[in-house]
Amino acid sequence: MLDFDACKSIVTNGIGNYVLKPVIKVIPFELNGISGFVDPALLGSNVMVMAQQNGVVIQSTAPDAATGEFILARVAPGTYDVVITADNHATAVISAVPIASTTSVVNVSDSAMPITLPGSTTHVVSGMAT
């Protein structure tokens, strides 16, 4: 399978113009990764689910708009932190999720017990530091 990475494929050329430099990976078609569900009540809040290693995003996805189901597919074996963000909500982190092989799928939640995020207000701080 070929994976086109749009985020890495659009770059600036140094003079303010954007150019397309396609980043394409060949990925084995065996399914592995991290799956789960987020609370459907969050789905209008720009929810993103990311697999990170040492704070670097390795894979990200938005959950299904109707069910809240997500899969962070085709990640290399290793240990990942699953980070869930949503507008006006606290961020959740599920630490040390192990992917044992190129064929293992780890479920971090299900539809009966989806991941929920508590509400969080946002404030703006402004001023001048000297």
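The values are calculated or read from the model by the stated rules, or taken from the named source; none is laboratory data. Note that the coordinates shown come from a computational prediction; the quantities given were computed from them, not determined experimentally. Don't worry about glycine lacking a Cβ; one is built from the backbone with ideal geometry, like all the others, and counts go over all protein chains shown. Calculation scope for accessible area: heavy atoms of the full protein, side chains included, ligands and nucleic acids excluded. Shrake-Rupley method; radii C 1.70, N 1.55, O 1.52, S 1.80 Å.
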Discussion item. So, Ser120, is that one touching a His at 6+ places or on another chain (Cβ under 9 Å) and hydroxyl-bearing (Ser, Thr, Tyr) or not?
Written reply: yes
Discussion item. For the range 1-19, give me each residue that is open to solvent by 90 Å² or more (accessible area, probe 1.4 Å) and more than 22 Å from Thr61 (Cα to Cα).
Written reply: Ile15, Tyr18
Fill in: Meets criteria (at pLDDT 90 or above, open to solvent by 70 Å² or more (accessible area, probe 1.4 Å) and of a type outside the set (S, T, N, Q)) for Ile34
no
